[in-house]
1. Of these, Tyr118, Tyr130, which one is among the aromatic types (Phe, Trp, Tyr), surrounded by 15 or more Cβ atoms within 10 Å (Cβ to Cβ) and modelled with pLDDT of 95 or more?
2. What number goes with the only condition from (1) modelled with pLDDT of 90 or more; (2) surrounded by fewer than 14 Cβ atoms within 10 Å (Cβ to Cβ) that Val150 does not pass?
3. Look at Gly82 and say whether it is touching a helix residue (DSSP H, G or I) at 6+ places or on another chain (Cβ under 7 Å) and either of a type in the set (Val, Ile, Thr) or at pLDDT 90 or above (or both).
4. Condition first: in the same structural domain as Ala44 (by TED's automatic domain parsing), surrounded by 12 or more Cβ atoms within 10 Å (Cβ to Cβ) and under 13 Å from the mean Cα position of the chain (by Cα). Can you find one or more residues in the stretch 83-105 that meet it?
5. Filter the stretch 60-78 for residues that are closer than 25 Å to Phe119 by Cα, part of a loop (DSSP other than H, G, I, E, B) and either charged (D, E, K, R) or more than 16 Å from the chain's Cα centre (by Cα) (or both) and give the result.
6. Restricting to the stretch 16-49, give me the number of residues that are in contact with an Asp or Glu (Cβ under 9 Å, 6 or more places away or on another chain) and among the aromatic types (Phe, Trp, Tyr).
Amino acid sequence: MANETPQNLTAPSDSKIQKLVILFIFEKMAIPVSEDTLLDICTAENQWLPYMECKQYVAELLDAGLLYRVPKSGFLNITQDGVSCLSLFYTRVPSSLRDSISDYVNENRMRFKKRQSYFCDYSKNSDGSYTVLMRINTDYSTLMELKLVVASPQHAKYIYKNWVDKASATYSLIHDSLLE
């Protein structure tokens, strides 16, 4: 299902319903997510909401205290007031859209959790080498951060591609080695 062309289920043009859609996504995800991840989920991957409106509604939900920024991570999550609001009005979100969101989240939650937990990026240095930044995040802090300088863009890309699959083993190896 996740690989199928997304259906445009954005029929609800009412801003209140669209805000409820965002709250519903957070409740179903059950993990904090970055604003970029939320925008990808709502707009690019599923077309549940128009991009600019989604961005605006996130800001309004933050201002209203229904979403909050998790300290030290910048991730967003739903507040208890957001959960309460959603529980009162979730039936206003069309059931077909609720089903679509639930299915999507069930299929993709771990992918997003991994993507956020195991961050990696690289950049070119002035001397022509590349610095690869690798990070393991928890929901509330950075567990480990590594910077590795490599000679070529191929090495940087290789590390970048492998980080998600190797992050846990790398952490264990370093942790165990330092505690021996």
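The values are calculated or read from the model by the stated rules, or taken from the named source; none is laboratory data. Being a predicted model, the structure only gives us computed values, none of them experimental. FYI the Cβ positions are ideal-geometry reconstructions off the backbone, even for glycines, and counts take in every protein chain you see.
1. Result: Tyr130 is the single residue among Tyr118, Tyr130 that is among the aromatic types (Phe, Trp, Tyr), surrounded by 15 or more Cβ atoms within 10 Å (Cβ to Cβ) and modelled with pLDDT of 95 or more.
2. Among (1) modelled with pLDDT of 90 or more; (2) surrounded by fewer than 14 Cβ atoms within 10 Å (Cβ to Cβ), the lone unmet condition for Val150 is (2).
3. Here the answer is yes, as Gly82 does meet what is asked.
4. yes
5. Once the filter is applied, which keeps residues that are closer than 25 Å to Phe119 by Cα, part of a loop (DSSP other than H, G, I, E, B) and either charged (D, E, K, R) or more than 16 Å from the chain's Cα centre (by Cα) (or both), the stretch 60-78 yields only Lys72.
6. 0
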